[in-house]
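Following: one structure in structure tokens, then a few remarks.
Rule-based calculations on the coordinates, nothing more; no lab input. Please read all numbers here as calculations on a predicted model, not as lab measurements. Cβ placement follows ideal geometry from the backbone for every residue including glycine, while neighbour counts extend to all protein chains displayed.
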Amino acid sequence: MMTIHIMNCFTCNARPPSTLRTGLVCALVETDQGLVLIDTGPGLEDYAHPTGMLRLFKIVTDIPLNPQEAAVNQVRRLGFRPEDVRHIILTHMHFDHCGGLPDFPWAKVHLHRREFEAFTGPWRRWTDMAYVRRHIAHGPDWALYDDAGERWYDFDAIRLPFEPEMWLVPLHGHTRGLCGVAAKLEQGWFFNASDAGAVSNNVTPAWLIRLVLGPHDGRLRQFLAAHPEVHLTNAHMEPAYFEHPVL
Ligand SMILES: [Zn+2]
């Protein structure tokens, strides 16, 4: 049976008058291939020496920047050793999703090839400013994936080499290679659609969601309504979600 632990690895609250409060969904999955971490949140070095992007976030939003939120510390609190995290799957490479890579330098890092190329190639659009080069300075062991012509439900998808079943689900737009990640549970599925949607947010207007997160939010909302057996989450969820993530 698959066990999955949901962790908030980056609290980021809007400043007043907005009341928007969010944490970042990172998932630690126990598989036959060892512990698999889906997104890392910021890493210890980000807390010790925040990058320009993080310092900018600290000005425009209200972030506690508490290193207790670092995935490596939460993995320890769950009773595991950081070395037990053998694999990391990245939805995309923005600083708030992959800054913890250097805290798991032995882990194999799985992601869509287009996202890796967007990060390492010339930056072409404003959302590329959220890539931080030093997050891969330690030279991770990459596993890069191309579209495979397979399907998870009616989404184009790429099967990942884990048991129980896990899938990369390309939802490009917010970044050029962003993917959701689906993991088979005993009953139903966990599906982190990351920054491709904001299905729990009924405040932000659809045009703004489309501008920042790309074209998938409407489809994800329809999918969620049609498939109650799928535990669909975005990356940035309200704090209450982390108290009782229903799985
Ligand atoms: Zn992002």
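What is the chain's relative contact order, in percent, from Cα pairs under 8 angstrom and six or more apart in sequence?
That works out to 18 percent.
Let me know the shape class of segment 168-231, please: from the alpha-carbon gyration tensor, a ≥ b ≥ c as square roots of the eigenvalues, rounded when a/c is under 1.5, otherwise prolate if a/b is greater than b/c, or oblate.
oblate
How long is segment 129-225 along each principal axis, judged by its Cα atoms, biggest number first, in Å?
40, 38, 24
Please report Leu56, Leu65 as a ranked list, fewest other C-beta atoms within 10 angstrom at the top and most at the bottom.
Ranked by crowding around the Cβ, least crowded first: Leu56, Leu65.
Within a 10 angstrom radius of the beta carbon, how do Tyr153, Tyr145 rank from fewest other beta carbons to most?
Tyr153, Tyr145
Indicate the gyration tensor shape class of segment 64-155 (rounded, prolate or oblate), computed on the Cα atoms with a ≥ b ≥ c the square roots of the eigenvalues: a/c under 1.5 is rounded; otherwise a/b larger than b/c is prolate and the rest oblate. It would help to have the intermediate numbers written out before the result.
Details: a/c = 1.82, a/b = 1.31, b/c = 1.40.
The shape class here is oblate.
Go through the chain and flag any cysteine with no other cysteine's C-beta closer than 4.7 Å, please.
Cys12, Cys98, Cys179
For the chain, what is the mean residue ellipticity at 222 nm derived from helices alone (per DSSP H run of n ≥ 4: -39500 (n - 2.57); sum divided by total residues; nearest 500 deg cm²/dmol)?
-5500 deg cm²/dmol
With springs only between Cα atoms under 10 Å apart, run a GNM on the chain and tell me which of Phe116, Phe190, Phe223 wobbles the most.
Comparing Phe116, Phe190, Phe223 in a Gaussian network model of the chain, the most mobile one is Phe223.
Could you work out the relative contact order of segment 69-109? I mean the mean sequence separation of Cα pairs under 8 Å and 6+ apart, divided by the number of residues, in percent.
45
In nanometres, what is the gap between the two model label sites at Leu78 and Val212, each 7 Å from Cα along Cα-to-Cβ?
Spacing of the two 7 Å Cα→Cβ label points: 2.7 nm.
If you take the square roots of the eigenvalues of the alpha-carbon gyration tensor of the chain and sort them as a ≥ b ≥ c, do you get rounded (a/c under 1.5), prolate (a/b over b/c) or oblate? Please list the in-between numbers first.
On the way: a/c = 1.20, a/b = 1.05, b/c = 1.14.
Because its axes are fairly even, with a/c under 1.5, the chain counts as rounded.
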